[in-house]
Amino acid sequence: MSTPPLPPVGELSEQQVRGIACVHCGICLDNATAVDLGERRTRRAGDLLRWFPRACPQHGPAT
């Protein structure tokens, strides 16, 4: 199973951007279940933004 592309940052909730909710389905995450998708850089409102998206096990990369 491949990892789906990340949605644009502007379409995500604050919780998804902060990594406390899955970037794909919005389910709440905890440190035991979250899959780290790595650091990303993007522009939001003209500023460079570093963010660390996380996903639920269903949407994270296959191991």
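The values are calculated or read from the model by the stated rules, or taken from the named source; none is laboratory data. If you're wondering where the values come from, they're calculated on a predicted model, not measured in any experiment. Please note: Cβ atoms are built from the backbone with ideal geometry, for glycine as well, and neighbour counts cover all protein chains shown. Surface areas here come from the heavy atoms of the whole protein model, side chains and all, with no ligands, DNA or RNA. Shrake-Rupley method; radii C 1.70, N 1.55, O 1.52, S 1.80 Å.
Would you be able to tell me the number of residues in segment 1-58 that are in a strand (DSSP E or B) and in contact (Cβ under 8 Å) with a residue 40 or more places away in the chain? Before the answer, list the steps.
Initially, segment 1-58 is screened for residues in a strand (DSSP E or B), giving 21, 28, 35-36, 40-44, 47-51, 54-55.
Those still in the list that are in contact (Cβ under 8 Å) with a residue 40 or more places away in the chain too: 49, 51, 55.
The total comes to 3.
Please determine, by comparing only the residues of segment 1-30 that are open to solvent by 40 Å² or more (accessible area, probe 1.4 Å) and closer than 16 Å to Pro61 by Cα, which one is modelled with the lowest pLDDT. Steps first, answer last, please.
Kept after step one, since they are open to solvent by 40 Å² or more (accessible area, probe 1.4 Å), are these residues of segment 1-30: 1-6, 8, 10-11, 13-15, 18, 20, 24-25, 27-28, 30.
Those left that are additionally closer than 16 Å to Pro61 by Cα: 1-6, 24-25.
Values: Met1: 51, Ser2: 60, Thr3: 63, Pro4: 73, Pro5: 87, Leu6: 89, His24: 94, Cys25: 95.
Taking the candidates together, the pick is Met1.
Tally time: how many residues in segment 31-49 are touching a strand residue (DSSP E or B) at 6+ places or on another chain (Cβ under 8 Å), within 17 Å of Pro61 (Cα to Cα) and open to solvent by 60 Å² or more (accessible area, probe 1.4 Å)? Give the steps one after another, and end with the answer.
To start, the set of residues in segment 31-49 that are touching a strand residue (DSSP E or B) at 6+ places or on another chain (Cβ under 8 Å) comprises 34-37, 39-43, 48-49.
Going one step further and asking which of them are within 17 Å of Pro61 (Cα to Cα), we end up with 34-37, 39-40.
Subset that is open to solvent by 60 Å² or more (accessible area, probe 1.4 Å): 36, 39-40.
Of the residues in segment 31-49, 3 are touching a strand residue (DSSP E or B) at 6+ places or on another chain (Cβ under 8 Å), within 17 Å of Pro61 (Cα to Cα) and open to solvent by 60 Å² or more (accessible area, probe 1.4 Å).
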